[in-house]
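Every read-out reported here was derived from the displayed coordinates using simple, explicitly stated rules and does not represent laboratory data. Given the structure is predicted, the values throughout are model-derived calculations rather than measurements. Neighbour counts are summed over all protein chains in view; Cβ atoms, including those assigned to glycine, are modelled from backbone coordinates with ideal geometry.
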Amino acid sequence: MRIVIKVGTSTLAHSTGNINIRHVEELCKVMSDLKNAGHEIILVSSGAIGMGVGKLSLKEKPQDMPTKQAAAAVGQCELMYTYDKLFSEYNHTVAQILLTGLDLEDNERYHNIQNTMNRLLELNVLPIINENDTVSTHEIAVGDNDTLGAIVAVSMKADLLVLLSDIDGLYTADPHKSENAELISVVEKITPEIESLGGGKGSSLGTGGMVTKLNAAKLCMSKGTDMVIANGSNPSVLYDIVDGEKIGTKFIANKI
Ligand code: GLU
């Protein structure tokens, strides 16, 4: 299987912005093992701004663009250093790919990205993608990595996109507010009812939330890629997801 895995800041970093060593180590181990089992893995990793906040000892996620971009520049180094180190332990080579919305809209750039990614996969490398936050301004940014993950999954014709987040999946109501909220395990169509469940915002350091995840699902489903939202606090759920077990919320692609 070709699998795109998107990991949110809430999984990679503590609320202080410092790296969540347990999560990241476990995640790299499981992804390495899935690669060893013959799957092609592409990682879309957030966490640059969050880790920059930690490394620069800022009190909270910055609101102004230059500080956000500075934090991303610092945090992206930390992120890739960590991935390179951990994946090396399992003999896997990683590559960094930083993209903006502009790169994906321009035909030539888009094809260059696809060519590079395909060659990296042929070379058995694990591509790690993030938005190029240092050059992205509002106008040219994809804006959130749920969407970026979906675009990457669709353009690389992946079988599956997994969004690892700090929530178990899509609920019938906000589980933080309602005791009766139930996890929806399968979604076959994004109806207006499903869309109305997208309300909540993301974590304090991250960017997305359920709205961006539902948009990602729409894109994937329309282009033949299944998508799963699952909780990243236990990365070994990836094994079960790949085995087709009922974990989190699965969005089934429209059969073309
Ligand atoms: N590119 C952002 C970062 O690395 C994350 C965007 C997102 O989480 O959706 O901090």
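For region 1-76, GluC sites (Glu not before Pro) are listed when DSSP marks them as loop and at most 16 other Cβ atoms sit within 10 Å of their Cβ; the list is 60. Within the chain, the longest segment free of exposed loop sites, counting trypsin sites (Lys or Arg not before Pro) that fall outside DSSP classes H, G, I, E and B and have at most 14 other Cβ atoms within 10 Å, spans 60-156. Across region 142-155, coupling constants 3J(HN,Hα) worked out from phi with the 6.51/-1.76/1.60 Karplus curve, θ = phi - 60°, read 5, x, 8, 7, 5, 5, 4, x, 5, 4, 5, 4, 5, 5 Hz, and Gly and Pro carry x.
Hey, got the dipole for region 53-94? About the Cα centre, +1 on K and R Cβ, -1 on D and E Cβ, debye to the nearest 20? Don't skip to the end; give the middle numbers.
On the way: 5 positive and 5 negative charges, 29 e Å.
Computed charge dipole of region 53-94: roughly 140 debye.
Between residue 122 and residue 25, the FRET efficiency estimated from the beta carbon spacing at R0 = 30 angstrom works out to 0.60.
Candidate cross-link partners of residue 177 among the aspartates and glutamates, defined by an alpha-carbon separation under 16 Å and a same-chain spacing of 8 or more, comprise 166, 168.
Computed from the Cα positions only, the extents of the chain along the three principal axes stand at 42, 41, 37 Å, in decreasing order.
Here r is the Cβ-Cβ distance between residue 159 and residue 77 and R0 is 35 Å; the resulting FRET efficiency, rounded to 0.05, is 0.65. Amide hydrogen proximity for residue 187: with H placed 1.01 Å from N in the peptide plane, the residues at 5 or more positions away or on another chain lying under 5 Å are 250, 251, 252. Length available on full extension from residue 254 to residue 173: 0.36 nm per residue minus the Cα-Cα distance, which gives 26.6 nm. Computed from backbone phi with θ = phi - 60° and the Karplus coefficients 6.51, -1.76 and 1.60, the 3J(HN,Hα) list for region 18-27 is 6, 4, 8, 4, 4, 4, 5, 4, 5, 4 Hz; x is used for glycine and proline. For GluC sites (Glu not before Pro), the sites in region 78-170 that DSSP calls loop and that have at most 14 other Cβ atoms within 10 Å are 139.
Here region 1-108 is treated with +1 on each Lys and Arg Cβ and -1 on each Asp and Glu Cβ, and its dipole about the Cα centre works out to around 420 debye. Across the chain, the relative contact order, built from alpha-carbon pairs under 8 Å that are at least six residues apart, equals 23 percent.
Database remark: amide H of residue 133 closer than 5 angstrom to no amide H (H placed geometrically; neighbours at sequence offset of 5 or more, or on other chains; Pro and chain starts carry no H).
Go ahead and estimate [θ] at 222 nm for the chain from helices alone: -39,500 (n - 2.57) per DSSP H run with n ≥ 4, summed, over the residue count, rounded to 500. Please list the in-between numbers first.
Details: 10 runs with 108 residues, N = 256.
Only helices count here, giving -12500 deg cm²/dmol.
The lysines within cross-link reach of residue 35, meaning a Cα-to-Cα straight distance under 17 Å and a gap of 8 or more places when in the same chain, are 6, 85.
Structure remark: mean-square fluctuation, Gaussian network model of the chain, C-alpha springs under 10 Å; the largest value among 23, 14, 176 belongs to 176. Using only side-chain charges placed at the Cβ, +1 for Lys and Arg and -1 for Asp and Glu, the dipole size of the chain relative to its Cα centre rounds to 100 debye. Close amide H partners of residue 94, meaning residues 5 or more places away or on another chain with modelled amide H under 5 Å apart, are 126.
Please report Rg over Rh for region 11-98, where both radii come from the alpha carbon positions and Rh follows the Kirkwood definition.
Ratio of gyration radius to Kirkwood radius: 1.02.
Once both labels are positioned 7 Å from their Cα atoms along Cα-to-Cβ, the gap between residue 37 and residue 236 label points is 1.3 nm.
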